[in-house]
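A short reminder: the numbers here are calculations on the coordinates, not readings from a lab. Every value quoted in this text rests on a predicted model; they were computed, and no experiment measured them. Neighbour counts run over all protein chains shown; Cβ positions are idealised from the backbone, glycine included.
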Amino acid sequence: MLEGISAKADSAVEDTLREDTEPIIICREVNKWFGDFHVLRDVSVEVAPREVVVVIGPSGSGKSTFIRCINRLEEHQEGQIIVDGMELGHDIRNISAIRQEIGMVFQQFNLFPHLTALQNITLAPSIVRHRPRAEAKEIAMQLLERVGIPEQANKYSGQLSGGQQQRVAIARALAMEPKIMLFDEPTSALDPEMIKEVLDVMKELARSGMTMLVVTHEMGFAREVADRVLFFDHGRIVEQGTPEYFFEQAQHPRTKLFLSQIL
Amino acid sequence: MIQREAPFRIRQGIAALLRPLSAFLAGVLRPFLPILRPLISVLADERVRRILGQLIFAAILIFFFWLIGTTAANELEQKGLVPTFRFLNLRSGFEISESPGWYSGDSSYGRAFVVGMINTVRVVVLGLVLASVLGLFVGVFLLSSNWLIRSIARGYVELLRNTPLLVQIFVWYFVVMFSLPRIQDAITLPNEGITFISLRIVLWLVLWLVLGRYWRAWGVSVERRVALQYGFTALVVVSELAAYGHHEIDGWPWAWGAGLSGEFWGYLFVSAVLLALVWGVYNVETVRQRMAPLWRPRLLGIALGQLLAGTLFSFGWLPMAAFRLELQPAVYISIRGFVFPEILPTARFASWFAFVALGILLAGFIWVWLGRRTEDTGQPYPRGSLCIAAVVGLAIIGWVVVGMADAPSHVVVESQGEAEIMPLVEAKAEGTLGTEALLLTSTRPLMLQLPTQNRFGRFLTGVEFTPEFMALLLGLVIYTSSFIAEIVRAGIQAVPRGQIEAGRALGLSQTQLLTRIIFPQALRVIIPPLGNQYLNLSKNSSLAITIGYADTFNITTTIMNQSGQTVTGFFIVMVFYLSLSLLISAIMNAINSRFRLVTR
């Protein structure tokens, strides 16, 4: 499954690293139905640590469902999903352990409106990871610094702009020190001006070596940051490859049609 | 045609009549135009208009009320009915069925009002608490994933909120209360059957909690959990049936053969059928490969659970007689009402309560201290359990310490008008001691006073609730609970799915999700309409008059009939309900402002 991955020129060291390490996410023949609707069909993917994978495809193609299966916000019915060596099944210990390793950022931000930005970020580290309050607060402030809005720490989500909310949401996910970050159309609900501030944070994150799975319609982001692009249609991975390959030499007619419509 | 034109012509006619008038006015006012102009421009100011408009409206309103007030006062004066409060000191002359000891027919009207208000507050406070608890449960049941529970809750809500409250109160009073037995044949609780079951329910609950603890702590897989749940349920149901059957007809209801062995083979047969079903259904599910195959653990659990229960019972390993206990009846239910036992503080209550207060203080200290520890180290502590342990522990220690002092050896007993000093043991054995003497001499801080009757069936001790009170309370509680249930359901459903998903994605447990994410957000949606329901309940309590419960409004109508002071009577009633409602709103608003979200 790793064919088609080619590391960027500046990451030759990472490349050798990658060969040594096991894939951090393994999906084998994953199938999922919503009632009679077959959403995911035999999806098989492996993601290496520090890899940035961008998932694109027309709406309803199952790309969001796919990444939601990885932290079991959706349940797959067939096949195997193994994250960091733990299989996602009915075992609740695995589910909660895996969720602690995976950060997720949603299209609608989903900040907790009854908590301030800072409390949003410190909540999970203090009650799930049992960090002392002072430490959790310090980490939260560092993260807010990193996403560029330390001055908004004590505001509630209703007082923040969309871009600021999404950046707090990214900080909230990072506070759990995840190994993997999932992004489910993180910029689709934002004004054009705010898209950039969120994408900048994501680019910085990718450079820092985070393993990322990103569902997005931002082709510029895919071109610039992705190690690999997956193209979904009707629940199937139709085509995948490096951004250079994908945007220039895509073979499948469905991919060509999609690219011709959006580019 | 002519008729259709008529209004038009009339309008034209009016205009023609007014034209010279306006021309005349314009002529008269023309010289004053320089003075009027600044005035007009002031009046054109939006701000001036706003204030002026309100002033004019207020003036009209005051004038209107003054007109009504003076007219009404004149009318009443002519009829000799001047509203005063002086009649409140007059003798009321009527008895009230539900009144404290200090009220009788010789008491004043003022006291009668107070009795009514006490009765209203009694039913409202109890009603609010019960309706909230019941509504909360039904509301959560409305969201249950279990189809049966959900449907029953839905039916409950739809039936109750779509029929008039008055009808429901009448049903409770005239149908339910009137069909209760006479006082001689009163239903008593706990009776044999209920004691029998309720004691076992404690056993089952303890087992259930142990099971729950086990699979939580060790993280058992969903399949095993389901198998355990269903197996345990089957065990309970079959054991209950067996026990009940044993109790009622002295034999196992589905006993095929005679004797134990026959029964055992029967269980084995049922289990075999169930196990066959398990594999059959499992295979069908595997073929379809759609749903998580939870049918297998479910049926497996049921098969094994009922086999276990049947075996235990067949071989006589479940000695049901051990759970039987003879108890004195504590509750009497009859057409004359409900009588509950009383818990009375004895002479030693104060010293025991000092221990409890110490426990509460200690609990408060533990709460704050462990809270700080958690903040510093991040480690969670069982704060709640430790606090409860502190209070309960000190209460038990206090109970023992306070009970150590000996009871007085002798008491004064009055027999045939003469006081006589008697050894306590003898007096108790004779049963001549009254409640007060018992409270004074008891070695325990609290005394449970069970209801006792005299020869005519009148209760000497115990708390009595009349059928009127119970019918009104049940009517109000059950009617309001259906609305509260809907409010609770709506509140929980109003929390966006995304919030729950975000919490899950961060690795919060189900409990943390509920207490940290869902409840705080649901409450802000629930509290305002909940306050409305509380107000409704308190005002609906005035329907008491229809079944003869002595609430404020009921007593006021009697007073108004006797004294003729209708204006004052209604005034007092309105002020009372208004203050009650304002008090409830004030409390709800205070709670609401704590949960309000900050935006912008």
### Query
Amide H neighbours of B:V331 under 5 Å, counting only residues 5+ apart in sequence or on other chains, H built in-plane at 1.01 Å?
B:L189
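Rounded to the nearest 500 deg cm²/dmol, what is the calculated helix-only ellipticity per residue at 222 nm for chain A, with -39500 (n - 2.57) per DSSP H run of length n ≥ 4?
-12000 deg cm²/dmol
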### segment B:452-543 - Rg over Rh from alpha carbon coordinates, Kirkwood radius
1.28
### Query
Karplus couplings for segment B:91-101 from phi (6.51 cos²θ - 1.76 cosθ + 1.60, θ = phi - 60°), rounded to Hz, Gly and Pro as x?
6, 6, x, 10, 8, 10, 4, 10, 9, x, x
### Query
In whole angstrom, and with the biggest value first, how far do the Cα coordinates of segment B:534-599 range along each principal axis?
57, 24, 12
## Note on the structure
From the Cα centre of segment B:385-406 to that of segment B:436-500, the distance in Å is 27
### Potential lengthening between B:A347 and B:R161 on full extension [0.36 nm per residue; Cα-Cα distance subtracted]
62.2 nm
### Query
If amide H atoms are built 1.01 Å from N in the plane of the peptide, which residues on other chains or at least 5 residues away come under 5 Å of the amide H of B:L446?
B:T346
### Message
Over chain A, what portion of Cα pair distances is larger than 24 Å, expressed as a whole percent?
### Response
49
## Note on the structure
Most exposed first, judged by fewest Cβ atoms within 10 angstrom, A:F66, B:F459 run B:F459, A:F66
### For A:V55, distant residues with modelled amide H under 5 Å away
A:V214, A:V215, A:T216, A:L230
### Query
What is the spin-label model distance, in nm, from B:A58 to B:L438 if the labels are put 7 Å beyond Cα along the C-beta direction?
6.4
## Note on the structure
Total charge of the residues flanking A:V147 in space, meaning their Cβ is under 13 Å from its Cβ, with Lys and Arg +1 and Asp and Glu -1, is -1
### Least to most buried among A:C27, A:C69, B:C387 (fewest other Cβ within 10 Å first)
B:C387, A:C69, A:C27
### Summary
Computed over the Cα atoms of segment A:123-209, the Rg and Dmax in Å are 13.0, 39
### Message
Largest first and in whole Å, what are the equivalent-ellipsoid semi-axes of segment B:408-448 based on the Cα gyration tensor, each being the root of 5 times an eigenvalue?
### Response
18, 11, 9
#### Entry: Under-25-angstrom lysine pairs by C-alpha in the protein assembly as shown, whenever the two are 8 or more apart or on separate chains
16
### Task
Would you mind pulling out the separation of the Cα centroids of segment B:40-105 and segment A:103-179, in Å?
57
### Message
Residue by residue through A:90-102, how many Cβ atoms from other chains fall within 10 Å of the Cβ on average?
### Response
4
### Query
Which whole-percent values make up P(r) of segment B:343-449 when all C-alpha to C-alpha distances are grouped in 10 Å steps starting at zero?
14, 31, 22, 15, 10, 6, 2, 0
### Query
Across 10 Å bins from 0, what is the distribution of all Cα-Cα pair distances for segment B:2-78, in whole percents?
14, 17, 21, 28, 18, 2
### Message
Please compute, for peptide A:121-127, the average count of beta-carbon atoms on other protein chains lying within 10 Å of each residue's beta-carbon.
### Response
4
### Task
Obtain the nm distance between the two label points defined at B:T546 and B:Q562 by a simple spin-label model: each point lies 7 Å from its Cα along the Cα-to-C-beta direction.
2.6
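More than 49 angstrom separation, counting every C-alpha pair in the protein assembly as shown; what % is that? The partial results should precede the final answer.
On the way: 178208 of 371953 pairs.
Tail fraction, whole percent: 48.
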## Note on the structure
By the C-alpha gyration tensor axes a ≥ b ≥ c (rounded if a/c is under 1.5, else prolate when a/b exceeds b/c, else oblate), the shape of segment B:33-161 is oblate
### Task
Could you calculate the contour length gain from B:R154 to B:Q184, that is, 0.36 nm times the residue separation minus the distance between their Cα atoms, to one decimal place in nm?
6.9 nm
